[in-house]
1. For the stretch C:178-197, which residues satisfy the criterion of being more than 10 Å from chain B (Cβ to nearest Cβ) and of a type in the set (A, V, I, L, M)?
2. Determine, yes or no, whether C:Ile144 is surrounded by fewer than 24 Cβ atoms within 10 Å (Cβ to Cβ) and among the aliphatic types (A, V, I, L, M).
3. Would you check if C:Gly93 is at negative phi and either touching a helix residue (DSSP H, G or I) at 6+ places or on another chain (Cβ under 6 Å) or of a type outside the set (Val, Ile, Thr) (or both)?
4. Could you list all residues from the stretch B:104-150 that are more than 12 Å from chain C (Cβ to nearest Cβ) and either of a type in the set (Asp, Glu) or free of Cβ contacts under 8 Å to residues at least 12 places away in the same chain (or both)?
5. With the structure loaded, tell me whether C:Ala123 is under 21 Å from C:Gln185 (Cα atoms), more than 14 Å from chain B (Cβ to nearest Cβ) and in contact with a Phe, Trp or Tyr (Cβ under 6 Å, 6 or more places away or on another chain) or whether it fails that test.
6. Say whether the condition of being open to solvent by 30 Å² or more (accessible area, probe 1.4 Å), part of a helix (DSSP H, G or I) and modelled with pLDDT of 90 or more is met by at least one residue in the stretch C:63-72.
Amino acid sequence: MLPLLIVALLIWAGVFAFTFRVDQRLSQLENRFGVGESGKDRE
Amino acid sequence: MAQLAKILLGIGTAIVVALSFLYLPAAEGFPSPELARIVALHLPNAMAGLVAAVAAGCYGWRYLAGGRNPLDDARSLVAAVLATIFLALTTVTGMVFAQVQWGQFWNWDPKQTCIFILLLIFAAYFVLRAGIEDEEKRATVSAVYILFAAVMTPVLGYMVPKYLPSLHPTNTSFDAAYHTVIWSASACLIGLYAWLFNLGVRYERLRLHLDAIVRDEP
Amino acid sequence: MDWTREALAVFVREWRTEWRTRVALTSTVLFAVGALVLIGLAKQVGRTAFEPTVTATLLWIVLLFTAASGLGRAFLHEEERGTALTLRLCARGTTVWTGKFLANAVLLVGIAVITAPTLLTLAETPVRNVGLLTAVSLLGCIGIAAVLTTMSALVAQTSARGGLLAVVSFPLLTPLLLAGVHGTQAALGVGSKPGGMVSFSVGVGDVKILLSFAVIAITASLLLFDFLWND
């Protein structure tokens, strides 16, 4: 079971890191174009 | 605040994954008790998928009834995409489970069939969208389709079990450990759904904004 | 009263324009006949009568595919000829839908009247309750016509048109197919003792389900069609 658990955790870490990165990138773009929540914060 | 929630979701899901392997006891009464742990992934996926499917219908309704806001159409689309992903994962984990426990990947079990038909409906939804150029027309047509499907699918859920024999246990009493893990995993996956939904909608909003800029330039 | 007259006017107009060219009528009937000929030939290869379960399945497959090939024209030709706008000025959404639904239902029931007896004769399957078979086919045709009328209005807006109608409607029609096949099998004596007639009660559950399916499909279409029509 232990190897499976490690594989599962690695997959989750990958998914999480990717999503987090996309989130940050979207915030940057929103800031640049002044759209949405993070864009409005700046204004 | 929002960043904190995301990090908590990441850690929480990691803990639930670890729990489902280490804390969850092997389920007695199944041909392969050790591998029955996949239900801790299978059921929460189904729940997140159904939440997403209902959300797709609700945003379709909001588009038609609430002033035809293009963002509502985008929300409906994003929810439909996520529903497709979660339901596909439900089907795959279900098939693995069925192979291990009942010796067959596919056996036309009612729940299996219902989820597969839901997947077909979403596939048809995407094909329908792909066939329409005009954005407003596309939004209206796909909202009407998803609402029509939303009315017809409860009928499906009611009727199909009448005709197909079920292999799904109806009277299983999961013990407390299973309850804890399945419900916390559902909470995690629904949280993940909310996060991905937020990202998808923000992406679509950005796209709509940039499209408008490009259109307005001479 | 006014509403009924308007719906009937759309229905009459639908058949009058159809009668001028008879494209949908002939192509749909020929599609059904072609399918029946293929089934008959395929059966000759095996040289045995079909099991009632197979006959029931074939009947619904033929009906569904014939409907998907012929009923899609309801809204498509309005878009092609550019008459959709005029119709929009003259009639309300619900009456347009009702008129076209009635025209489709009549066409499909006509197809079923030709298909079902021919198929049952070809397959050499004895019918053990004609009333049940009629009720199941009639309600099934109404349900199929209701779903396909709405879906053809959606598909008429797309650029793909042709094959899309089957793709978008078949998943929604699965409950109807299950109940229809089960009811037809009951009428052909599957699950009953061999020989003699079977009572109507063996399929009454399927009849109820088909009826509720048709009612739900018609109600949902009437409620949603205005959104599409008044766009």
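1. Selection gives C:Ala186, C:Ala187, C:Leu188, C:Val190, C:Met197.
2. Details: surrounded by fewer than 24 Cβ atoms within 10 Å (Cβ to Cβ): no; among the aliphatic types (A, V, I, L, M): yes.
In short, no.
3. Working: at negative phi: yes; either touching a helix residue (DSSP H, G or I) at 6+ places or on another chain (Cβ under 6 Å) or of a type outside the set (Val, Ile, Thr) (or both): yes.
Against the criterion (at negative phi and either touching a helix residue (DSSP H, G or I) at 6+ places or on another chain (Cβ under 6 Å) or of a type outside the set (Val, Ile, Thr) (or both)), C:Gly93 qualifies.
4. B:Gln104, B:Phe105, B:Trp106, B:Asp109, B:Glu135
5. Criteria met by C:Ala123.
6. Restricting attention to the stretch C:63-72, the residues satisfying the condition of being open to solvent by 30 Å² or more (accessible area, probe 1.4 Å) are C:65, C:69.
Now drop any that are not part of a helix (DSSP H, G or I), which leaves C:65, C:69.
From the residues that got through so far, the ones that are modelled with pLDDT of 90 or more too are C:65.
Among the residues of the stretch C:63-72, at least one is open to solvent by 30 Å² or more (accessible area, probe 1.4 Å), part of a helix (DSSP H, G or I) and modelled with pLDDT of 90 or more, which makes the answer yes.
Residue-by-condition table, conditions (1) outside any loop (DSSP other than H, G, I, E, B); (2) open to solvent by 10 Å² or more (accessible area, probe 1.4 Å); (3) polar (S, T, N, Q):
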| residue | (1), (2), (3) |
| --- | --- |
| C:Ser152 | yes, no, yes |
| C:Leu173 | yes, no, no |
| C:Ala179 | yes, no, no |
| C:Thr184 | yes, no, yes |
| C:Phe213 | yes, no, no |
| C:Ile216 | yes, yes, no |
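Residues are listed down the side, and each one gets a yes or a no for (1) among the hydrophobic types (A, V, I, L, M, F, W, C); (2) at pLDDT below 85; (3) in contact with a Lys or Arg (Cβ under 9 Å, 6 or more places away or on another chain):
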position	(1), (2), (3)
B:Ser173	no, yes, no
B:Ala176	yes, yes, no
B:Cys188	yes, no, no
B:Leu192	yes, no, no
B:Phe197	yes, no, yes
B:Val201	yes, no, yes
B:Arg207	no, no, no
B:Ala212	yes, no, no
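The values are calculated or read from the model by the stated rules, or taken from the named source; none is laboratory data. The structure displayed is predicted, hence computed values, not measured ones. Here the Cβ is made from the backbone with ideal geometry for all residues, glycine too, and neighbour counts use every protein chain on show. We work out accessible area using only protein heavy atoms, side chains counted, and drop any ligands, DNA or RNA first. Shrake-Rupley method; radii C 1.70, N 1.55, O 1.52, S 1.80 Å.
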